[in-house]
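Chemist: Dropping the structure in here first, questions after.
The values are calculated or read from the model by the stated rules, or taken from the named source; none is laboratory data. It should be emphasised that the depicted structure is a prediction, and the values quoted were computed from it without experimental measurement. Note that each Cβ is placed from the backbone with ideal geometry, even for glycine, and that neighbours are counted across all protein chains shown.
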Amino acid sequence: MTDEVVSVVSLTSFKEVAKLLAQHDISGLPVLDEEDRVVGVVSESDLLSRQAARNPDAGGTAPSGAESTAAEIMSTPAVTVHAEESAPEAARLMTRSGVERLPVVDDEDRLVGIVTRRDLLRLFLRPDAEIRGRVIQDVLVRTMGLGPDTVTVHVVDGVVTLEGRLESRGQIAILAYLVEQLDGVVAVVSHVTAPVNGPVPTSLQEVAPGPSAER
């Protein structure tokens, strides 16, 4: 994420919002309340919609730009992501919500940064060799305590293929979960088998914290 975020408050004028977007070459910014909590997001499309609404040819009756405030033109409620969420989770949320940016908030929903599609794209451009190295060293060795050759790892265009044999189905599920959390991983294809048909953990997040190097 970017921790230096351009933001406005509810009473910021239409003209000031437009000026900030142009000055910083950004397409949107969060709107904050008096406690730095995100109450909405103003984007270029929000400004254009308000401008079109006040166009006499369109029969609009909305206030002029000088009279409008961020609170009147913002999209709300804001779609946000917590700082501890992984990059793949942020990407999925961004896709589901149809937004181009996500304000990042802390446990009290106060703004701490912002992540954009461009930021996430940089992560998913991570070289395959680097992803493979993280799967082996961070997941297999450091987190799961396995040997580097326990599972064969192939990575092509961000798609990780796993082949090998572990002791239980639970280990297989944990391995796949941890690999999915790595930045740059697009998908995981597992051909790993196990002789023990034990239960798969019901909450992988509780039993398998993500690799520390990726947090």
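Chemist: For residues in segment 87-120 being among the β-branched types (Val, Ile, Thr) and in contact (Cβ under 8 Å) with a residue 40 or more places away in the chain, which is surrounded by the most Cβ atoms within 10 Å (Cβ to Cβ)?
Modeler: Taking the candidates together, the pick is Ile114.
Chemist: I've got another one for you. Tell me, please, whether a residue that is at pLDDT below 95, more than 29 Å from Glu4 (Cβ to Cβ) and charged (D, E, K, R) can be found in segment 203-210.
Modeler: Yes, that holds for at least one residue.
Chemist: So which pairs qualify, if the first residue must be in segment 174-192 and over 16 Å from Arg92 (Cβ atoms), the second must be surrounded by 18 or more Cβ atoms within 10 Å (Cβ to Cβ) and polar (S, T, N, Q), the Cβ gap must be under 7 Å, and the two must be at least 6 apart or on different chains?
Modeler: Hits for this filter: Leu178/Thr143.
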